[in-house]
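Chemist: Got a structure here, written out as structure tokens. Questions coming.
The values are calculated or read from the model by the stated rules, or taken from the named source; none is laboratory data. Small disclaimer: the values here were computed from a predicted structure and weren't measured. Ideal geometry is used to build each Cβ from the backbone, glycine not excepted, and the neighbour counts take in all protein chains shown. Just so you know, the surface numbers come from the protein's heavy atoms only, side chains and all, with ligands and any DNA or RNA stripped out. Shrake-Rupley method; radii C 1.70, N 1.55, O 1.52, S 1.80 Å.
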Amino acid sequence: MLAELRATEQEFAARWQRHEVALRRSGRKRVLRPVVGELELECEVLAAGGQDQLLLVHTAAADSEVASRLELLRVVGAGA
């Protein structure tokens with residue numbers, strides 16, 4: 001896949017050549033759930049074992065609207 005991208009996508013090839021790659025350790029993610037709508041969550045990436053394993057932790061501010069909707073999702077079930 002890498003060879004194909006480098007051969008067909010000039011911008012990708014240029015960035016790859018400059019080594020513009022990085023592991024993001026934190027940021028915001030948006031998740032859309034049918035029952036509760038869009039959730040904007042803080043995301044932290046925790047690396048363990050020499051980065052062979054990654055743990056993604058998604059959180060919402062306590063007492064926020066998003067936290068309330070996450071609680072509703074917990075009550076109705078992850079399948080909702």
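Chemist: Return only the number of the condition from (1) of a type outside the set (V, I, T); (2) under 19 Å from G77 (Cα atoms); (3) under 10 Å from the mean Cα position of the chain (by Cα); (4) open to solvent by 90 Å² or more (accessible area, probe 1.4 Å) that K29 does not satisfy.
Modeler: (2)
Chemist: Evaluate the following for E4: is it modelled with pLDDT of 90 or more, on the phi < 0 side of the Ramachandran plot and either out of contact with any Pro (no Cβ under 7 Å at 6 or more places or on another chain) or surrounded by 10 or more Cβ atoms within 10 Å (Cβ to Cβ) (or both)?
Modeler: no
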